[in-house]
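The values are calculated or read from the model by the stated rules, or taken from the named source; none is laboratory data. Nothing here was measured: the structure is a model prediction, and the numbers come from that model. All Cβ positions, even for glycine, are placed from backbone atoms using ideal geometry, and neighbour counts span all protein chains on display. SASA here: full protein model, heavy atoms, side chains in, ligands and nucleic acids out. Shrake-Rupley method; radii C 1.70, N 1.55, O 1.52, S 1.80 Å.
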Amino acid sequence: QVQLVESGGGLVQAGGSLRLSCAASGLTFSSYFMGWFRLAPGKEREFVAAISWCATSTRYADSVKGRFTISRDNAKSTVYLQMNSLKPEDTASYFCAAALSSARIDTSEPYRYWGQGTQVTVSS
């Protein structure tokens, strides 16, 4: 079956960096658009970033633009989220997801598969 497994979360001070990874299995990874979302306590799930199947196109939420970078390695069936200049408001559980369509890629609608999430906590 399809599995998306995130890793790389942790506790970091404001201004620090983390790199999240999401390893996929059970699907033809190179055929899927990949996205990252986050969920903070008391808030709705929020789109963070997405990348096309061939990595030629990316999209970011305004809140992370210029600080976060999404990338992928199709040979390793893995998508990454490099997070720099972290802020306390970035604290959340981060989820990767896979979509076959790029329509409304900044919403949860097209994503068919989801990971279990990894926690990121940014202290002030």
Response to the item:
A chain fully extended from residue 112 to residue 25 at 0.36 nm per residue, minus the present Cα-Cα distance, gains in nm 29.9 nm
Worksheet item: How large is the dipole of the chain about the Cα centre if only Lys and Arg carry +1 and Asp and Glu carry -1, each at its Cβ, rounded to the nearest 20 debye?
Response: 140
Worksheet item: Rounded to a whole number, what % of the accessible area of the stretch 1-117 do carbon and sulfur atoms account for, probe 1.4 Å?
Response: 46
Discussion item. With the crude spin-label approximation of a point 7 Å out along Cα→Cβ, what separation in nm comes out for residue 2 versus residue 39?
Written reply: 1.7
Worksheet item: So what J values fall out for the stretch 84-91 if you push phi through Karplus, 6.51 cos²θ - 1.76 cosθ + 1.60 with θ = phi - 60°, rounded to Hz, Gly and Pro as x?
Response: 10, 6, 5, 10, x, 6, 7, 4
Practice prompt. Would you list, by chain and number, the lysines whose Cα falls below 22 Å from the Cα of residue 65, excluding same-chain residues fewer than 8 positions away?
Written response: 43, 87
Practice prompt. Kindly provide log₁₀ I(q)/I(0) values, in the same order as q = 0.20 Å⁻¹, from the Debye equation applied to equal alpha-carbon scatterers of the chain.
Written response: -1.07
Worksheet item: Considering only protein heavy atoms, what per residue accessible area in square angstrom results for the chain with a 1.4 angstrom probe?
Response: 51
